[in-house]
1. Of everything in segment 49-80, what is among the aliphatic types (A, V, I, L, M), in contact with a helix residue (DSSP H, G or I) (Cβ under 7 Å, 6 or more places away or on another chain) and either open to solvent by 90 Å² or more (accessible area, probe 1.4 Å) or more than 18 Å from Leu7 (Cα to Cα) (or both)? Give them in sequence order.
2. For segment 3-48, what are the residues that are hydroxyl-bearing (Ser, Thr, Tyr) and loosely packed, with under 11 Cβ neighbours inside 10 Å?
3. Filter segment 37-75 down to the residues that are without any contact (Cβ under 8 Å) to a residue 12 or more places away in the chain and among the aliphatic types (A, V, I, L, M), then identify the one that is nearest to Leu8 (Cα to Cα).
4. Which pairs do you get when a residue that is part of a helix (DSSP H, G or I), found in segment 8-27, comes within reach of a residue that is open to solvent by less than 40 Å² (accessible area, probe 1.4 Å) and aromatic (Phe, Trp, Tyr), reach meaning Cβ atoms under 6 angstrom, with the pair 6+ apart or on two chains?
Amino acid sequence: MVEREMLLERLARVNGVTVEDMRTKIAARIEAGLNDPSPERRVQWERIPCAGDIPTPEEWLCYSVERLKEDGREDLLRRYLVD
């Protein structure tokens, strides 16, 4: 949880917004993805594990980080993990 919170804070700082604004932006993107006209794209968003009907920004972030690690693309995270 701490790593996700730190990453969310770093994403907000890099984008020049508050953490809450970053959560709002991510939530809007999740909502748009789940309502995408492309069935293939919707399925990709629906794969995100979540406790409720719609993934939270934190659930999306956890899923995205794990996918990058699984795909051997962890290097894409360095920008956000190093101050």
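1. Ile54
2. Ser38
3. Once the filter is applied, the top-ranked residue is Leu68.
4. No pair meets every condition.
The values are calculated or read from the model by the stated rules, or taken from the named source; none is laboratory data. Model, not experiment: these values are computed from the prediction. Cβ sites come from the backbone with ideal geometry, for glycine too, and all protein chains shown count toward neighbours. Surface accessibility is based on the protein's heavy atoms, side chains included, excluding ligands, DNA and RNA. Shrake-Rupley method; radii C 1.70, N 1.55, O 1.52, S 1.80 Å.
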